[in-house]
Amino acid sequence: MHLAASEATIWTMTDDKVKRRLTTILCADVHGYSRLMEADEAVTLATLRRYRTAVAGLVERHDGRIVNTWGDALIAEFASVVEAVQCAVEIQQEISNQDPDPPDAPRMRFRIGGRLGEWICRPIATHEFLNVRTYVRHRGEAGIYFLSEWLSNPLSVRLGPWTFGLPYRHGRMDYHHRHEIGQFHGKIRDARSSGEVSYRASLDPDHALSHCPEGSLDEFLLERYTAFTSWGSNRRFFRIWHPPWEQSPIDLTVADESLLMETWPWFGEARLVGGNYSPGVRNVWMGWPHRIAQDQHRGRLRAFFEMP
């Protein structure tokens with residue numbers, strides 16, 4: 001399914017007066033629909049009807065309405081772009097959790113794209129943030145577990161927990177990174193408290209960047225491609241693919257860590273081991289979140305993470 005949304009201006013005539021209102025249009029269609037129809041028309045149509053029923057319920061839940069349908073496509077309108085985005089994400093989650101019927105039938109492939117996908121992913125891909133995480137293993141797969149992440153985009157703060165289970169918090173970022181001269185300093189403040197993190201670092205600008213040595217602590221800390229999250233009763237994971245980090249160790253001084261102390265009192269017993277600098281990576285692929293099955297024991301959930 002290809003989902004796209006854009007804002008449109010709707011003009012209506014009432015009692016000889018023109019009224020103007022903004023609306024958000026969501027368009028959806030099935031990816032590879034013709035190929036699926038050629039493979040098995042009956043199963044494809046049955047699956048499409050089942051998915052459309054689910055989509056119609058989600059659109060109604062978010063105060064939208066389906067304007068038109070044809071073939072494998074549909075158009076829905078919403079009064080709020082936030083409701084349209086939330087509905088689009090829920091559509092993806094609902095469809096991804098449904099099993100093929102019959103079990104050996106090919107899955108309908110769904111994707112978020114167009115202006116809607118760009119709008120959703122741009123804040124996640126481009127924002128400045130402070131990410132606090134730890135390192136865990138689940139059923140033999142090593143990954144990271146997000147403790148918290150501060151960022152300045154209020155919309156991402158709202159959508160992050162609800163979509164990927166990311167523990168976003170609203171903060172103010174003040175970064176001054178002079179890559180060309182190897183000087184870095186910054187300050188992060190929580191939007192609701194006086195706590196902050198401030199730091200200063202330096203790096204020889206002529207120092208060559210490289211991949212982390214195999215088996216090193218740097219590789220252990222940086223090269224993680226599975227992320228685990230927990231929000232409410234939802235346990236999820238998603239995977240990330242990108243080239244290895246080009247990085248270098250950096251001389252780092254943390255001048256104020258009060259934000260970390262007030263969030264996690266145990267942080268007072270932590271000590272700084274070191275720091276790394278990377279200009280970042282391109283061509284990052286972020287997979288869709290998957291639910292983690294929760295085992296129950298005497299009515300209580302078992303812990304599902306262990307330290308690596």
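Where a number appears in this text, it was derived from the coordinates with a stated rule and is not lab data. All values reported here derive from a predicted model rather than from experimental measurement. Cβ: placed from backbone, ideal geometry, glycine included. Neighbour counts: every protein chain shown.
Pop the C-beta distance of HIS176 and ARG291 into the FRET formula with R0 = 35 Å and round what comes out to the nearest 0.05.
So the FRET efficiency works out to roughly 0.30.
For LYS187 and ASN68 in the same chain, what is the full-extension length gain: residue separation times 0.36 nm, less their Cα-Cα distance, in nm?
Length gained, LYS187 through ASN68: 37.9 nm.
In region 228-278, which chymotrypsin sites (Phe, Trp or Tyr not before Pro) fall in coil by DSSP and have 12 or fewer other Cβ atoms within 10 Å?
none
Please go through region 38-101 and write out the trypsin sites (Lys or Arg not before Pro) that DSSP classes as loop and that have at most 13 other C-beta atoms within 10 Å.
none
State, to one decimal in nm, how far the label point of THR253 lies from the label point of THR53, with both points 7 Å from Cα in the Cβ direction.
So the two model labels end up 6.6 nm from each other.
Can you give the direction-averaged projected area of the convex hull of the alpha-carbon atoms in region 171-279, in nm²?
Computing the convex hull of the Cα atoms and averaging its projections yields 8.8 nm².
For SER278 and ASP29 in one chain, what is 0.36 nm times their gap in residues minus the Cα-Cα distance, to one decimal in nm? Kindly include the intermediate steps, with their values, before the conclusion.
Values: separation 249, 0.36 × 249 = 89.64 nm, distance 3.92 nm.
Length difference between fully extended and current span is 85.7 nm.
Between ASP206 and ARG239, take the C-beta separation as r, use R0 = 41 Å, and let me know the FRET efficiency to the nearest 0.05. Intermediate results must be reported in sequence, preceding the final value.
Values: r = 36 Å, r/R0 = 0.87.
For R0 = 41 Å, the calculated efficiency reads 0.70.
Count neighbours as other Cβ atoms within 10 Å of each site's Cβ, and list the GluC sites (Glu not before Pro) in region 174-221 that are DSSP loop with at most 11 such neighbours.
GLU180, GLU214
Say R0 is 22 Å: what FRET efficiency, to the nearest 0.05, do GLU38 and GLN98 get from their beta-carbon distance?
On the way: r = 22 Å, r/R0 = 1.01.
Taking R0 as 22 Å, the efficiency between GLU38 and GLN98 is 0.50.
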